1. Hey, among Glu79, Glu3, which residue is within 27 Å of His245 (Cα to Cα), charged (D, E, K, R) and over 22 Å from the mean Cα position of the chain (by Cα)?
2. Among the residues of the stretch 83-129, write down those that are hydrophobic (A, V, I, L, M, F, W, C) and within 26 Å of Glu157 (Cβ to Cβ).
3. Say whether the condition of being free of Cβ contacts under 8 Å to residues at least 12 places away in the same chain and either among the charged types (D, E, K, R) or under 30 Å from Ser199 (Cα atoms) (or both) is met by at least one residue in the stretch 23-30.
4. If we scan the stretch 25-46, do we find a residue that is acidic (Asp, Glu), open to solvent by 20 Å² or more (accessible area, probe 1.4 Å) and within 20 Å of Lys111 (Cα to Cα)?
5. Does Thr221 satisfy the condition of being under 16 Å from His301 (Cα atoms), out of contact with any Gly (no Cβ under 7 Å at 6 or more places or on another chain), β-branched (Val, Ile, Thr) and part of a loop (DSSP other than H, G, I, E, B)?
6. Being at pLDDT 95 or above, within 21 Å of Gly279 (Cα to Cα) and of a type in the set (A, V, I, L, M) is true for just one of Leu142, Leu178. Which residue is that?
7. Of the residues in the stretch 51-69, how many are out of contact with any strand residue (DSSP E or B) (no Cβ under 6 Å at 6 or more places or on another chain), surrounded by 22 or more Cβ atoms within 10 Å (Cβ to Cβ) and in a loop (DSSP other than H, G, I, E, B)?
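The values are calculated or read from the model by the stated rules, or taken from the named source; none is laboratory data. What you are looking at is a predicted structure, and each value in this text was computed from that prediction instead of being measured. FYI the Cβ positions are ideal-geometry reconstructions off the backbone, even for glycines, and counts take in every protein chain you see. Calculation scope for accessible area: heavy atoms of the full protein, side chains included, ligands and nucleic acids excluded. Shrake-Rupley method; radii C 1.70, N 1.55, O 1.52, S 1.80 Å.
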Amino acid sequence: MIECKKLDGEISLYTVSNGTISFSAMDFGCTITNLFVNDKNGHKVDILLGYDTLSEWKRGMQAHNAIVGRVANRIRGGEFTLDGKKYLLEKNDGQNCLHGGDTRYEKMLWKGEEYSDSEGIGVKFTRKSPDGEQGFPGNLDLCVIYKISEKNELIFEYTGTTDGATPINLTNHAYFNLNGTGSVLNHRLQLDCCKVLESASDSAPSGKIFDVEGTPFDFRTEKKVGAEIEKLAVNGKDKPFGYDHCFVTSADETHLARVGILSSDESGISMEIFTNQRGVHVYTANYLGGKGKGGVNQKMHDGICFETERFPNAINEPSFPSCVLRPSEKYWHKTVFKLKTSQ
């Protein structure tokens with residue numbers, strides 16, 4: 001079932017349900033506003049953080065559940081060189097460009113329409129990112145599909161084509177909380193990731209990749225999200241700390257690979273993750289704040305993001321797989337969140 005209602009003269013909200021789980025998404029920011037799943041007691045839980053009103057979504061500055069790009073994550077120095085030409089970007093994260101700078105996809109109007117295929121039902125969003133937008137070259141035609149399957153999978157699928165060479169790295173910045181509210185530090189997490197990108201002092205990758213064994217980044221065996229998180233508090237507990245790192249998956253963009261599973265004993269809800277992307281940036285909402293749904297104060301560690309992506313700063317790091325899309329190519333990115341509730 002798909003329903004559509006107008007939030008104002010331009011923006012529509014689509015609600016999609018398979019009878020067990022449901023989500024809503026709007027064409028402002030290509031944003032998923034809600035994701036409802038039954039907990040172990042049969043109560044519906046919205047497992048996405050966010051806001052109650054359109055005006056709050058418009059004011060929000062932390063990319064809640066929206067598409068980020070043209071290049072998600074950080075580009076060191078806010079600049080890159082492509083085919084011999086240097087491009088300058090907005091520096092909105094110290095000296096780095098983060099999530100495309102201050103001109104964000106999350107604040108742009110997309111075109112939504114109902115969608116269905118053999119996998120499920122949902123919404124298709126499209127927009128053209130013109131040459132020069134955010135400082136990037138090439139006109140980029142974008143398509144983002146959100147859908148749910150009969151297997152209770154929430155599926156994200158992104159495609160893009162360009163008329164000029166450009167870096168591209170889209171992701172969705174969904175803040176998950178399988179209990180709906182409160183800290184996620186007691187959520188259990190298991191990741192099929194043996195390596196993680198080393199972060200430099202500016203939070204962009206240093207270019208090195210290290211083994212997770214013997215570090216707080218080792219989630220190969222399930223443990224609580226917060227089990228070793230305090231080991232990352234290098235500036236002391238009074239400063240934001242937590243996971244904000246890109247883990248290396250076993251995917252190569254040609255096929256889906258399992259990333260891992262997040263689960264909550266409190267709600268009984270679990271979420272298994274699959275993607276075709278080489279990286280998954282795990283972010284424990286270290287800078288989260290402000291009022292969210294129901295007027296609840298959103299605090300550090302109240303959500304967790306799994307931003308499936310190409311490696312951050314890949315455009316400036318020769319050792320990383322390329323993030324450049326050329327006119328003869330098609331960008332394809334797919335991520336699946338398989339939801340289940342145990343009694």
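1. On the way: Glu3 fails: within 27 Å of His245 (Cα to Cα).
Glu79 is the lone residue from the list that is within 27 Å of His245 (Cα to Cα), charged (D, E, K, R) and over 22 Å from the mean Cα position of the chain (by Cα).
2. Cys97, Leu98, Met108, Leu109, Trp110, Ile121, Val123, Phe125
3. No; the residues of the stretch 23-30 include none that is free of Cβ contacts under 8 Å to residues at least 12 places away in the same chain and either among the charged types (D, E, K, R) or under 30 Å from Ser199 (Cα atoms) (or both).
4. No.
5. Numbers: under 16 Å from His301 (Cα atoms): no; out of contact with any Gly (no Cβ under 7 Å at 6 or more places or on another chain): yes; β-branched (Val, Ile, Thr): yes; part of a loop (DSSP other than H, G, I, E, B): yes.
No, not satisfied.
6. Selected residue: Leu142, the only one of Leu142, Leu178 that is at pLDDT 95 or above, within 21 Å of Gly279 (Cα to Cα) and of a type in the set (A, V, I, L, M).
7. Total satisfying the criteria: 3.
Yes/no per residue for (1) in contact with a Phe, Trp or Tyr (Cβ under 8 Å, 6 or more places away or on another chain); (2) open to solvent by 30 Å² or more (accessible area, probe 1.4 Å); (3) outside any loop (DSSP other than H, G, I, E, B); (4) without any contact (Cβ under 8 Å) to a residue 40 or more places away in the chain:
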{"site": "Ala174", "(1), (2), (3), (4)": "yes, no, no, no"}
{"site": "Ser203", "(1), (2), (3), (4)": "no, yes, no, no"}
{"site": "Ser206", "(1), (2), (3), (4)": "no, yes, yes, yes"}
{"site": "Phe210", "(1), (2), (3), (4)": "no, yes, yes, yes"}
{"site": "Gly214", "(1), (2), (3), (4)": "no, yes, no, yes"}
{"site": "Phe217", "(1), (2), (3), (4)": "yes, no, no, yes"}
{"site": "Lys231", "(1), (2), (3), (4)": "no, yes, yes, yes"}
{"site": "Asp238", "(1), (2), (3), (4)": "no, yes, no, yes"}
